[in-house]
Amino acid sequence: MNIPNLLTLLRIVLVPVIVIFLIQGSFCKALVFFTVSGITDALDGFFSRVLKQQTALGAHLDPVADKALLASCFLTLSILGIIPGWVTVIVISRDFIILLGISVMFMMSVSFEIRPAFVSKLTTAAQLATVLIVLAHQCLSGKFDDVWVTRFYWLTAVLTVISGFNYIVRGLKFVNHDT
């Protein structure tokens, strides 16, 4: 097991810790662990490139860690009434549609390679920023303008929808190319 994969596994292990802190209303602790998780995400990518330790396991685990972290945070914050449910539905629906598309293509024996598009990377960044801002807002007892939080909800929603459609179009091209 190399350093990048260990960092990714650490990110996965931190997910339930963050959720527990959210449920307990310990938003500052959740913010600290969420930030640590974000730093490990950046470090695993950096180390995998610099140390030339890119692996198939890491290529599969990294997006799983991202999805686990973001889906868990959005869902928990939504259940707590902190993030609007409609934003969470959009975020989780996109991931569900992607997984469904991958499953269908696998069952159809369609050959494909999953590489995130630029808009997908922007989407992940926006989703991470939204959770970070919401946690900071909660931690600071709402000491900054709610307008900024709302803007991040909308930015995340729009990018998530665009990214979802991008994956659908790419998936349809794979299916139509192999049939």
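Every number here is computed from the coordinates shown, using simple stated rules; none is lab data. The model shown is predicted, which means the values in this text are computed figures rather than measured ones. Don't worry about glycine lacking a Cβ; one is built from the backbone with ideal geometry, like all the others, and counts go over all protein chains shown.
Within the set (i) 1.00; (ii) 1.36; (iii) 1.08, the number that Cα Rg over 2.2 N^0.38 Å takes when calculated for this structure is listed as (iii). Report note on the peptides 146-154, 164-172: ranked by the mean count of other C-beta atoms within 10 Å, highest first, their order is 164-172, 146-154. Each label point was placed 7 Å from the Cα along the Cα-to-Cβ direction; for Ser111 and Ala42 their separation is 3.9 nm.
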